[in-house]
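Shown next, in structure tokens, is the structure this report addresses.
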Amino acid sequence: MQASLLTVVFAAALIGSLAVKLWLATRQMRHVAAHRDRVPEAFAGTIPLAAHQRAADYTLAKARLGVLGMAFGAVVLVGWTLLGGLDALNAALRDAVVPRWGGMAYQLALIAAFAVINGVLDLPLELYRTFGLEQRFGFNRMTWKLYIVDAIKGLVIGAIIGLPIVALILWLMGAAGSWWWLWAFGAWMAFSLLIQVLVPTVIAPLYNKFELLKDEALRERVQRLMDRCGFKAKGLFVMDGSRRSGHANAYFTGFGSSKRVVFFDTLLKQLSPGEIEAVLAHELGHFKCKHVPKRVLWMAAFSFVGFAVLGWLASRSWFYMGLGVQPSLAAPNDAVALLLFMLAAPVLGVFVSPLFAQLSRRHEFEADAYACRQADRRELAAALLKLHEDNAATLTPDPVYVRFYYSHPPASERLAALNRLTAVPQPA
């Protein structure tokens, strides 16, 4: 009875989430298309009509691909769960691996096989996104050779880093008793913080070249900004982002002594020194407003709840049967529980995503306000306009879609907020 109820609840949640996402996508496409042929009044003197139309076309193309990906993802999800795909894969690997290599090898093999199959299923849409859509709008710089090399690196890094933490969590699930989830949560958080150190120092350099900023005048200007902000970094680096994409960005990353400031080379080509300083001041605003630790705490809170729920569900047979898997009596079911939870949780996560989007947008406004106290507001506004135009970001998104999905406020809202800050004194 409980298994049947879970099946009904899961199916209803999946249909509901798809309906919401499809409604939002169609709203976005209609709104952008309706405003395609006229630049908004606030941008009429700065954004050419051709650039506005290109941004609209790019947004519409991404939205259409998103709808296709949404539908395909739902089919794959139902195939893995209610139609028995995960059950079949689990049974095949359990029978083949457990007698020869034991339960842990079987569980790691199951997770690895699931990841590889899922990656293969996602590959056609991913290839079209990179070599079709992004290529058509002039953003893709990726070659087929580079794509394949990146994919191989991703598989190797995933195996080296991912399998050990998965093995640790599986071991805790089997050896740490009913409170295993609390120990697993602690291990996961420690791993997440370790990744924050490894990504800038070990992982990112495997994909991109990072060179120290050579422009002495810009370096001195940026250093003065960081001194004003009380930010100490290991170095100022330029990343060869143009090797893969025409999109531009700047960011700081890492914790403690691993903190570093990174500029995309595309950003340095598109913006003036004053605009670069203003963009970096915005990024440092996230640091000064403690947005990173706040987001870590949010992630920790939701991870804690997630592990607690998984700890409760993993010991209940109806959880497995309700999602299309027959639990084993002779082998551990921990890997199956992990995979089922990973598959089912995002269905309900759709309904809480607006909370995270709202939090992120609020942080962006706070970082903008901080940047205006450390750099020229007009330079930040000019940089935002250039980045919106160069990245083909639409100036006319649907307001409801924005509230649900956007992690950054749309340009109209950000510039209006910046204009309200004109009375804020600039640093001497």
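The values are calculated or read from the model by the stated rules, or taken from the named source; none is laboratory data. None of these values were measured; they are calculated from a predicted model. Cβ coordinates were reconstructed from backbone atoms using ideal geometry, including for glycine residues, and neighbour counts include every protein chain displayed.
What to note about this one:
- Helices (runs of 4 or more DSSP H) contained in region 318-428 and holding at least 1 residues among the hydroxyl-bearing types (Ser, Thr, Tyr) and surrounded by fewer than 21 Cβ atoms within 10 Å (Cβ to Cβ): 353-374, 399-405, 411-419
- Count of region 316-363 residues which are in contact with a Pro (Cβ under 6 Å, 6 or more places away or on another chain) and under 12 Å from Leu6 (Cβ atoms): 2
- For region 280-293, filtered to residues that are surrounded by fewer than 24 Cβ atoms within 10 Å (Cβ to Cβ) and of a type in the set (A, V, I, L, M, F, W, C), the residue that is nearest to the chain's Cα centre (by Cα) is Val292.
- Scanning region 132-176 for residues that are touching a helix residue (DSSP H, G or I) at 6+ places or on another chain (Cβ under 9 Å), of a type in the set (Gly, Ala, Ser), over 19 Å from Ser245 (Cα atoms) and without any contact (Cβ under 8 Å) to a residue 60 or more places away in the chain gives Gly158, Ala159, Gly162, Ala176.
- Single residue of region 20-73 satisfying the filter (part of a helix (DSSP H, G or I) and among the acidic types (Asp, Glu)) that is nearest to Leu385 (Cα to Cα): Glu41
- Total residues in region 74-127, condition assigned to a helix (DSSP H, G or I), in contact (Cβ under 8 Å) with a residue 60 or more places away in the chain and among the β-branched types (Val, Ile, Thr): 3
- Among the numbered conditions (1) part of a helix (DSSP H, G or I); (2) surrounded by 15 or more Cβ atoms within 10 Å (Cβ to Cβ); (3) among the aliphatic types (A, V, I, L, M), the only one that Met142 does not meet is (1).
- Listed by first and then second residue, the pairs linking a residue in region 212-229 that is without any contact (Cβ under 8 Å) to a residue 24 or more places away in the chain to a residue that is surrounded by fewer than 17 Cβ atoms within 10 Å (Cβ to Cβ), with Cβ atoms under 9 Å apart and 6 or more places separating them unless they lie on different chains, are Arg219/Leu212.
- Residue in region 200-216 that is nearest to Thr253 (Cα to Cα), counting only those that are part of a helix (DSSP H, G or I) and of a type outside the set (Asp, Glu): Pro200
- Residue satisfying condition, being in contact with a strand residue (DSSP E or B) (Cβ under 6 Å, 6 or more places away or on another chain), over 18 Å from Asp368 (Cβ atoms) and surrounded by 16 or more Cβ atoms within 10 Å (Cβ to Cβ), within set Gly235, Gly246, Gly241: Gly241
- When residues of region 165-214 are limited to those that are in contact with a strand residue (DSSP E or B) (Cβ under 9 Å, 6 or more places away or on another chain) and of a type outside the set (A, V, I, L, M, F, W, C), the one surrounded by the most Cβ atoms within 10 Å (Cβ to Cβ): Pro200
- Total residues in region 237-260 satisfying the condition of being part of a strand (DSSP E or B) and either at pLDDT 85 or above or of a type in the set (Asp, Glu) (or both): the figure is 4.
- If you go through region 188-230 and keep only what is more than 28 Å from the chain's Cα centre (by Cα) and among the aliphatic types (A, V, I, L, M), you end up with Ala217, Leu218, Leu225.
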